[in-house]
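Notes for the one structure printed next.
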Amino acid sequence: MKISETDILLLPGYGETPAGHWMHRWCEKMPTARIVAQRNWFQPVLKEWIETLKGAVDEAERPVVLVGHSLGSITAVHAAHGHGLDTDKIKAAFLVAPTDLGRKEPRPVFDAGPFQAVPKGPLPFFARIVASRTDPYCAFEVAEQMAKDWGAHFQDAGDAGHINMESGHGPWPEGLMSFAYLMKDL
C-alpha cells in the first residue's frame, strides 16, 4: 500500500514532542500524515486520549495507519479493544517504544492508573512493535511480551534508548525504512 493512499495518524506520548523529533519529521515528509493533538500532553486522561484518537480516525478520508510512540502506543492499544474505535478503517499500527506503566523506576509523573490495565488480546489489525534493548521506560522483555499479547510482529531496535530526541533519534532513518517496509507489506 502506498503512503499516499492512507491517512497516517501520529500518536505522540507523554509530554512535549520537540520539533526535531522523528514524528514531526515524518509528518513533514508524508503529506497524508498528521499528529493527533491531545488537549493536555502533561496530564493525560485515557478516556480523553481515546476519544481524540477515535475522532481522528472518524475524520480520516482514506484507510488509516497508526504510528504511536510510548504512551501514544498504549493509547492505540486501549482504543482498539472495545472503545468504539472503527478498527475496520485501520490497516495497521506501527507502535514504537511502548511504555511499561507498571515499571518500578522511573515512575510515571502523571496518574498512570487508567493506562496501566493494558489489554492483552490480539489487535484487530496488523501491527509492528519496535522496541529498544535500553529503553528506560520499558524493559525489552516486557515489550516483547506486549507484542506476543497483541499478536504483533516484534522488531528489535538494538540499543536505542527510548527512541526519542534524548536518545539521539531526531531523524531516525532506520525507523522510516522499517515503516516503509510495513507499508509495502499491506
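The values are calculated or read from the model by the stated rules, or taken from the named source; none is laboratory data. All figures in this text were calculated on a predicted structure; none of them were measured in a lab. Here the Cβ is made from the backbone with ideal geometry for all residues, glycine too, and neighbour counts use every protein chain on show. The accessibility values were calculated without ligands, DNA or RNA, using every heavy atom of the protein model including side chains. Shrake-Rupley method; radii C 1.70, N 1.55, O 1.52, S 1.80 Å.
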Options Leu71, Leu95, Leu66; residue that is within 22 Å of Leu186 (Cα to Cα), modelled with pLDDT of 95 or more and out of contact with any Lys or Arg (no Cβ under 8 Å at 6 or more places or on another chain): Leu66
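Regarding region 54-61, can at least one residue be identified that is assigned to a loop (DSSP other than H, G, I, E, B), under 26 Å from Lys184 (Cβ atoms) and open to solvent by 20 Å² or more (accessible area, probe 1.4 Å)?
Step one: filter region 54-61 for residues assigned to a loop (DSSP other than H, G, I, E, B), giving 60-61.
So of that shortlist, the ones also under 26 Å from Lys184 (Cβ atoms) come out as 60-61.
When the remaining residues are screened for being open to solvent by 20 Å² or more (accessible area, probe 1.4 Å), the result is 61.
Within region 54-61 (the criterion being assigned to a loop (DSSP other than H, G, I, E, B), under 26 Å from Lys184 (Cβ atoms) and open to solvent by 20 Å² or more (accessible area, probe 1.4 Å)), the answer is yes, since at least one residue qualifies.
Considering only region 101-118, I want to know if a residue exists there that is touching a Gly at 6+ places or on another chain (Cβ under 8 Å) and touching a residue at least 40 places away in the same chain (Cβ under 8 Å). Before you say what the answer is, go through the steps one by one.
Filtering region 101-118 down to residues touching a Gly at 6+ places or on another chain (Cβ under 8 Å) leaves 116.
Filter once more, keeping what is touching a residue at least 40 places away in the same chain (Cβ under 8 Å): none.
No, because not a single residue in region 101-118 is touching a Gly at 6+ places or on another chain (Cβ under 8 Å) and touching a residue at least 40 places away in the same chain (Cβ under 8 Å).
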What are the residues in region 65-120 that are under 27 Å from Leu176 (Cα atoms), part of a loop (DSSP other than H, G, I, E, B) and hydrophobic (A, V, I, L, M, F, W, C), if any? Leu85, Ala97, Leu101, Val118
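Among the listed residues Trp172, Trp150, which satisfies the condition of being surrounded by 14 or more Cβ atoms within 10 Å (Cβ to Cβ), touching a Gly at 6+ places or on another chain (Cβ under 8 Å) and in contact (Cβ under 8 Å) with a residue 40 or more places away in the chain?
Working: Trp172 fails: touching a Gly at 6+ places or on another chain (Cβ under 8 Å).
Selected residue: Trp150, the only one of Trp172, Trp150 that is surrounded by 14 or more Cβ atoms within 10 Å (Cβ to Cβ), touching a Gly at 6+ places or on another chain (Cβ under 8 Å) and in contact (Cβ under 8 Å) with a residue 40 or more places away in the chain.
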How many residues does region 59-89 hold that are β-branched (Val, Ile, Thr) and closer than 15 Å to Trp150 by Cα? 4
In region 70-100, the residues that are hydroxyl-bearing (Ser, Thr, Tyr) and either in contact (Cβ under 8 Å) with a residue 40 or more places away in the chain or surrounded by 24 or more Cβ atoms within 10 Å (Cβ to Cβ) (or both): Ser70, Ser73, Thr75, Thr99
Complete set of residues in region 8-39 that are surrounded by 20 or more Cβ atoms within 10 Å (Cβ to Cβ) and under 22 Å from His78 (Cβ atoms): Ile8, Leu9, Leu10, Leu11, Pro12, Gly13, Tyr14, Thr17, Met23, Val36, Gln38
Could you list, in sequence order, the residues of region 14-39 that are touching a Leu at 6+ places or on another chain (Cβ under 8 Å) and outside any helix (DSSP H, G or I)? Tyr14, Ala33, Arg34, Ile35, Val36
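Among the residues of region 40-50, count how many are outside any helix (DSSP H, G or I) and crowded, with 19+ Cβ neighbours inside 10 Å.
Qualifying residue count, region 40-50: 1.
Results for (1) outside any loop (DSSP other than H, G, I, E, B); (2) open to solvent by 60 Å² or more (accessible area, probe 1.4 Å); (3) modelled with pLDDT of 95 or more, shown as yes or no for each residue.
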position: Pro122; (1), (2), (3): no, yes, yes
position: Ala127; (1), (2), (3): yes, no, yes
position: Tyr137; (1), (2), (3): no, yes, yes
position: Phe154; (1), (2), (3): yes, no, yes
position: Ala160; (1), (2), (3): no, no, yes
position: Leu176; (1), (2), (3): yes, no, yes
position: Ala180; (1), (2), (3): yes, no, yes
position: Met183; (1), (2), (3): yes, no, yes
